[in-house]
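In what follows, a structure is listed as structure tokens, so that the remarks can point back to it.
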Amino acid sequence: MKYDTIIHNGIIVTVNRDFDVINDGLICIKDGKIEIVSSRPANYIPSGAKDIIDAKGGIIMPGLVNTHTHLPMTLLRGIADDLPLFDWLNRYIFPLEAKYMNPDNVKLGSLLGCAEMLLSGTTTCCDGYFHEDAVAQAALESGIRGVFGQGVIDFPAPGIPDPADNIKTASRFAEKWQNASSLIRPSVFCHSPYTCSEETLEKAKQIACANNLLFQIHTSETKNEFDMIMSKHGVSPVKYLERTGLLDERTLLVHSVWVDEEDIRIISGHGSKISHNPQSNMKLASGIAPVPEFLKNEITVGLGTDGCASNNDPDLFKEMDVAAKIHKVNLLDPTVMDAKTVLQMATIKGAKAIGLEGETGSIEKGKQADIIIIDTDSPHLIPMYNPVSHIVYSATGSDVRDVLVSGKITVRDKKILSLDIDDIMDKVNLLGAGIKRDL
Ligand SMILES: [Zn+2]
């Protein structure tokens with residue numbers, strides 16, 4: 001066979017540099033990579049491949065890139081809503097994590113999270129949590145691509161009862177996963193500037209630099225955090241991180257809500273990236289990140305959903321819809337954050353934000369075949385004047401029919417092939433019932 005898979009009979013939204021849209025497209029895949037992206041020749045009859053996927057006139061697009069997740073938190077979905085961040089963390093999330101987030105449960109929650117993401121069209125995620133080894137193991141079994149960071153925090157955390165061990169644990173994780181799989185990239189995830197000391201931040205960044213890893217950190221999420229850092233260090237969280245030597249092009253600042261013009265210039269000057277999580281920021285009433293200003297200052301911004309306890313699902317289609325709208329109403333300007341810009345943030349810019357733009361985020365010859373197909377044969381997706389409008393404003397994750405990661409079909413006809421989803425759901429329901437009795 002000349003190819004492993006052929007996809008045809010659909011509109012390809014490539015999200016390449018020229019944002020080409022191919023109305024009647026053809027994609028040929030070999031050894032996990034895209035070999036041909038073109039128009040379908042007249043009277044074309046697909047042959048010469050092990051698998052042939054007829055997109056049936058639907059949209060063929062790059063798999064989505066979720067730049068901020070805490071996968072095991074699927075287990076705590078809906079357990080405590082409608083609370084301020086600090087109450088939510090201290091009264092519910094931290095105590096429940098301490099009690100229930102052992103490696104087995106972390107893996108179970110992550111399997112559920114990976115299944116949800118694949119089924120809703122996300123083929124790459126960037127995760128940070130504790131027992132991250134179990135998260136990466138779950139991701140590997142699911143077939144999703146991702147960047148995974150062992151959490152670092154100066155408090156007792158799941159798997160690290162003594163914070164003195166946090167750096168050692170992060171370092172061991174990075175070493176173990178450095179060359180373990182082409183789909184998994186290790187990373188370092190510091191919880192935040194207010195939960196890690198200056199020394200911890202510096203040591204964690206050293207591990208990232210020594211191994212050329214992405215360094216992720218929640219930054220300037222809430223006014224409360226801003227005030228804490230300001231009163232302790234006399235500067236904003238972004239300026240504090242700059243002073244500590246943490247900002248470079250391998251740094252991903254998650255949230256960046258409470259930032260001023262100078263902070264934005266600093267982030268841009270260092271080439272640091274931002275993960276924008278509008279639904280989490282809305283739900284916790286953290287504020288609105290000035291994303292149009294970030295883009296004007298040529299900062300790379302990706303989209304993220306955050307954990308399932310603050311969103312409460314990892315559907316990036318919904319996140320795109322919100323990201324496109326929240327800035328329009330905030331600035332009273334319907335022209336900002338147009339659909340094309342938002343789609344780029346959920347694909348190629350997200351990939352760039354986490355250092356994977358050479359592999360994924362667009363449909364181009366030579367890239368990994370991370371591709372999804374949207375079934376557009378639905379009342380809410382007709383008529384179709386502009387596929388990009390439908391992707392951002394009309395479709396949801398449940399419209400995704402087929403998903404390929406590195407050429408491997410992980411979802412076909414809305415069924416996940418890589419995991420036993422019924423078994424995972426049974427186990428999560430059982431665990432959830434136990435947690436509920438304990439509340
Ligand atoms: Zn987060």
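The values are calculated or read from the model by the stated rules, or taken from the named source; none is laboratory data. Computed from a predicted structure; not experimentally measured. Every residue, glycine as well, gets a Cβ built from its backbone with ideal geometry; the counts of neighbours run over all protein chains shown. In case anyone asks, the SASA skips ligands and DNA or RNA and just uses the protein heavy atoms, side chains included. Shrake-Rupley method; radii C 1.70, N 1.55, O 1.52, S 1.80 Å.
Is there a residue being more than 27 Å from GLU319 (Cα to Cα), away from the ligand (no atom under 16 Å from the Cβ), assigned by TED's automatic domain parsing to the domain that holds HIS68 and touching a helix residue (DSSP H, G or I) at 6+ places or on another chain (Cβ under 6 Å) anywhere in segment 196-203? Yes - at least one qualifying residue is present in segment 196-203.
Within segment 317-326, identify whether any single residue is touching a Pro at 6+ places or on another chain (Cβ under 7 Å) and open to solvent by 10 Å² or more (accessible area, probe 1.4 Å), and answer yes or no. Within segment 317-326, one or more residues are touching a Pro at 6+ places or on another chain (Cβ under 7 Å) and open to solvent by 10 Å² or more (accessible area, probe 1.4 Å). Of all the listed residues (GLU198, GLU175, GLU141), the sole one being touching a Ser or Thr at 6+ places or on another chain (Cβ under 6 Å) and open to solvent by 10 Å² or more (accessible area, probe 1.4 Å) is GLU198.
Quick check on segment 262-278. Is at least one of its residues within 16 Å of the ligand (Cβ to nearest atom) and either surrounded by fewer than 23 Cβ atoms within 10 Å (Cβ to Cβ) or part of a helix (DSSP H, G or I) (or both)? Within segment 262-278, one or more residues are within 16 Å of the ligand (Cβ to nearest atom) and either surrounded by fewer than 23 Cβ atoms within 10 Å (Cβ to Cβ) or part of a helix (DSSP H, G or I) (or both). Residues that are over 20 Å from SER181 (Cα atoms) and not in a strand (DSSP E or B) within segment 402-427 comprise ASP413, LYS414, ASP420, ILE421, ASP422, ASP423, ILE424, MET425, ASP426, LYS427, listed in sequence order. Just so you know, in segment 395-419 the residues that are charged (D, E, K, R) and under 17 Å from LYS56 (Cβ atoms) include one that is surrounded by the fewest Cβ atoms within 10 Å (Cβ to Cβ), and it is ASP413. If you go through segment 428-438 and keep only what is farther than 19 Å from LEU119 by Cα and open to solvent by less than 100 Å² (accessible area, probe 1.4 Å), you end up with LEU431, GLY432, ALA433, GLY434, ILE435, ASP438. Scanning for something more than 23 Å from GLU141 (Cβ to Cβ), in contact (Cβ under 8 Å) with a residue 24 or more places away in the chain and touching a Leu at 6+ places or on another chain (Cβ under 9 Å), does segment 409-417 turn up at least one residue? No, that holds for no residue. Among the criteria (1) outside any loop (DSSP other than H, G, I, E, B); (2) surrounded by fewer than 22 Cβ atoms within 10 Å (Cβ to Cβ); (3) modelled with pLDDT of 95 or more; (4) in contact with a helix residue (DSSP H, G or I) (Cβ under 9 Å, 6 or more places away or on another chain), the one PHE19 does not fulfil is (1).
Inspect all residues belonging to segment 279-294 and state whether any of them is of a type in the set (Asp, Glu) and within 16 Å of the ligand (Cβ to nearest atom).
no
Filtering segment 22-46 to residues that are free of Cβ contacts under 8 Å to residues at least 24 places away in the same chain and outside any strand (DSSP E or B) leaves ASN23, ASP24, PRO41, ALA42, ASN43, ILE45.
Can we say SER182 is surrounded by 14 or more Cβ atoms within 10 Å (Cβ to Cβ), small (Gly, Ala, Ser) and under 26 Å from GLY146 (Cβ atoms)?
Numbers: surrounded by 14 or more Cβ atoms within 10 Å (Cβ to Cβ): no; small (Gly, Ala, Ser): yes; under 26 Å from GLY146 (Cβ atoms): yes.
Considered against the rule, which asks whether it is surrounded by 14 or more Cβ atoms within 10 Å (Cβ to Cβ), small (Gly, Ala, Ser) and under 26 Å from GLY146 (Cβ atoms), SER182 comes out as no.
The number of residues in segment 51-91 being more than 25 Å from ASN429 (Cβ to Cβ), outside any helix (DSSP H, G or I) and either modelled with pLDDT of 95 or more or open to solvent by less than 20 Å² (accessible area, probe 1.4 Å) (or both) comes to 17. Taking the criterion of being of a type in the set (Asp, Glu) and in contact with a Ser or Thr (Cβ under 6 Å, 6 or more places away or on another chain), the only residue of segment 260-297 that qualifies is ASP263. Any residue at all in segment 98-111 that's within 16 Å of the ligand (Cβ to nearest atom) and either open to solvent by 10 Å² or more (accessible area, probe 1.4 Å) or not in a helix (DSSP H, G or I) (or both)? So far as segment 98-111 goes, yes, one or more of its residues are within 16 Å of the ligand (Cβ to nearest atom) and either open to solvent by 10 Å² or more (accessible area, probe 1.4 Å) or not in a helix (DSSP H, G or I) (or both).
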